[in-house]
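What follows is a single structure, written as structure tokens, with notes after it.
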Amino acid sequence: MRQRNKKQFTHGSGIRFGMGLYRLCFIFVLLGLATVTHASELNASVDRDKIAIEETVNLRLRYSGEESGGQPDFELLEEDFDILSRQQSNQYRVINGRAESFVEWVLALAPKREGELIIPSLHYKDQVSNTIPISVREAQSHPGSGERKVFLEVEPDKSKVYVQEQLLVDVRLYTTIGLHDIATEPLQITGAHVDKVNEQRYERKLNGTSYAVYELTYAVFADNSGQLTIPALTYAAVAGRRDPFSLFNRNNQRMRLRSQAKTVQVSPKPDRYSGAQWLPASSLGIVQSWSQDANTFAVGEPITRILTVRAEGLRAAQLPPLPKLDVEGLKTYPDQPQQEDQTGPDGVTGSRIETTAIVATRPGSYQLPAVTIIWWDTKNNRQRATQLPAFRFNVSGSAAPAVPNGEGGALQTLVPGTAGLEAQDHFWRNLAIAALASHLLWLLYLYHLRRRGNPGKGQTVTNNPLAHKDYGTGAVKRAVDSGNPCHIQQATLNWLHSRWPQFEGNSLGDAARQLGFEELDELQELLSAALYQQPPKPLHIGKIRRLAEGLMARRAGHSGEAEEKEALPKLFS
């Protein structure tokens, strides 16, 4: 009995001991939780607080407390710094029996300017971090000196230019180590037009050290005189080998490179310059070309004159329009000028191309006046003049009034009278008689062909004035067969002017808007692509011919059109 009670006592004591141990473990857990859930904090620190303008500083922001996602508002940093990279990590650790849980952000910051900067207080989970002052000094050394492995250099080709003169600015990145993920900042200058004109890679040796060079060249045109400031540029890159098997590439170093600002003096236009428009260029020339041989000019036949002005160191938008032609006996139809800029290591070369169709109304000798452009030679610092000499040519054929256009009215114009004729009067009378005779012979020939091809319908040809009325149509056909887009364009314009006198435009686009013919829009598009597109688009002759035939069919329903449509295939076959 006594032994039994002892066993019971032992069993009861074990239960009480187990309960005590459970309470003790629970107390330890509570103490551990209390240790982990200590008061929340947000602390900021940097690896250094004195840096050069081209260097970076690492900001470490740590939050100790309950973390449930999100991040601080880092936009506050962008007022004085560029954020090159950011990383986030969550950690839990136990040190000397004390458990810690925190989230940490590490940011690589690059200063935007020199001087005393401040990393402001950041906010997260109702916590505020401390502010940190950062002292930023100027670049430690001039590019190209010392033992620098990577640096950025900006070099203008001149220290003084005229307003609107081309200034070439080279931006070079030098490196002796491997770089990747290079982020460049484009050159932008207030009060100037900037174009990137070249990009190249090469090697250069400085002070016995070989560098790989990545160079960008910009052409700068100052809008006003005074001092032009080329601002400091900032490039970002990653140094080290890119490891495709590493998720974070922790061994790579993010770098931020910054150039030094430069100033260039911009002078106004010289007082001794006498040109109508200020044109500072290193060279300027004028070239004239024609759509056909100058010895083949004939009355009523359109010929295209092409003038090209080409200037090195000027943009096409700076080139002036050329004088318009005004020569008695010549009708001119100028097209829209074309402007083109070509870029290269030497900068911008601008071209202005002016195309004019010329139609002579009577035979004889003509002279186109000389074209002179005054410009400023920036290489020799003096005024120069480039001149296209006057151009003389002869036009053959008969005067336009020699073609009869009514019942007897034309003959009265060509034959002045019979009383008291001088020698010159006899010449013009004989010329008119010869023209009339040749015209009658041409009608008889057409009548003969008509009789052979369509028996019983010869009288239709005799009464059809097609030989006079459709001179312009024949010109269109011949122009299409030649395959020359200039000829096709001008011949079509001449035909439109002859058929629709109310049309007053000088281009197929004007005709499409005024007359509302859909063929003209498509024809203009095909011809423009062949004339002005670079490289020129091949001309689709079959499609051009179908459009021209459809356009000429627009006269259907007018008097004599039935005969006209029937006769055209035979005349053009």
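The values are calculated or read from the model by the stated rules, or taken from the named source; none is laboratory data. This structure is a prediction, so every number in the text was calculated from the model and none was measured. Glycine gets a Cβ as well: all are built from the backbone with ideal geometry, and neighbour counts include every protein chain shown. These accessible areas exclude ligands, DNA and RNA; they are computed on the full protein's heavy atoms, side chains included. Shrake-Rupley method; radii C 1.70, N 1.55, O 1.52, S 1.80 Å.
Counting only strands (runs of 3 or more DSSP E) that sit completely within the stretch 330-375, zero hold 2 or more residues that are among the basic types (K, R) and in contact with a strand residue (DSSP E or B) (Cβ under 6 Å, 6 or more places away or on another chain).
Let's see how each residue does on (1) open to solvent by 60 Å² or more (accessible area, probe 1.4 Å); (2) modelled with pLDDT of 80 or more:
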residue: S225; (1), (2): yes, yes
residue: T229; (1), (2): yes, yes
residue: A232; (1), (2): no, yes
residue: V238; (1), (2): no, yes
residue: R241; (1), (2): yes, no
residue: L247; (1), (2): yes, no
residue: N251; (1), (2): yes, no
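Filter the stretch 283-315 down to the residues that are within 34 Å of the chain's Cα centre (by Cα) and farther than 23 Å from A370 by Cβ and list them by number. Scanning the stretch 283-315 gives P302, G313, R315. Of all residues in the stretch 298-310, those that are among the hydroxyl-bearing types (S, T, Y) have Cβ atoms under 7 Å from Cβ atoms of residues that are at pLDDT below 90, 6 or more apart or on another chain, in T304/S291; T304/C486; T304/Q490.
Okay, residues lined up against (1) free of Cβ contacts under 8 Å to residues at least 60 places away in the same chain; (2) touching a helix residue (DSSP H, G or I) at 6+ places or on another chain (Cβ under 8 Å):
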{"site": "C486", "(1), (2)": "no, yes"}
{"site": "R513", "(1), (2)": "yes, no"}
{"site": "F517", "(1), (2)": "yes, yes"}
{"site": "E522", "(1), (2)": "yes, yes"}
{"site": "K543", "(1), (2)": "yes, yes"}
{"site": "A548", "(1), (2)": "no, yes"}
{"site": "M552", "(1), (2)": "no, yes"}
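When residues in the stretch 44-63 are screened for being of a type in the set (S, T, N, Q) and in a strand (DSSP E or B), 2 of them pass. From the list D181, D170, the lone residue that is within 16 Å of G347 (Cα to Cα) and either out of contact with any helix residue (DSSP H, G or I) (no Cβ under 7 Å at 6 or more places or on another chain) or not β-branched (V, I, T) (or both) is D170.
Of all residues in the stretch 378-394, those that are under 17 Å from L314 (Cβ atoms), out of contact with any Gly (no Cβ under 9 Å at 6 or more places or on another chain) and surrounded by 15 or more Cβ atoms within 10 Å (Cβ to Cβ) total 1.
Count of the stretch 327-357 residues, restricted to those that are of a type in the set (S, T, N, Q), in contact with a helix residue (DSSP H, G or I) (Cβ under 8 Å, 6 or more places away or on another chain) and over 24 Å from G300 (Cα atoms), is 3.
Within the stretch 166-215, how many residues turn out to be closer than 30 Å to W278 by Cα, surrounded by 17 or more Cβ atoms within 10 Å (Cβ to Cβ) and among the aliphatic types (A, V, I, L, M)? Total satisfying the criteria: 8. Any chance the stretch 111-119 includes a residue that's closer than 25 Å to S64 by Cα, assigned to a strand (DSSP E or B) and either open to solvent by less than 20 Å² (accessible area, probe 1.4 Å) or at pLDDT 90 or above (or both)? Looking through the stretch 111-119, at least one residue is closer than 25 Å to S64 by Cα, assigned to a strand (DSSP E or B) and either open to solvent by less than 20 Å² (accessible area, probe 1.4 Å) or at pLDDT 90 or above (or both). Checking the structure you have, find out if any residue of the stretch 215-235 is over 32 Å from the mean Cα position of the chain (by Cα) and either of a type in the set (F, W, Y) or over 30 Å from T361 (Cβ atoms) (or both). No, the stretch 215-235 contains no residue that is over 32 Å from the mean Cα position of the chain (by Cα) and either of a type in the set (F, W, Y) or over 30 Å from T361 (Cβ atoms) (or both). Scanning the stretch 78-90 for residues that are part of a loop (DSSP other than H, G, I, E, B), loosely packed, with under 13 Cβ neighbours inside 10 Å and either at pLDDT 50 or above or not hydroxyl-bearing (S, T, Y) (or both) turns up nothing.
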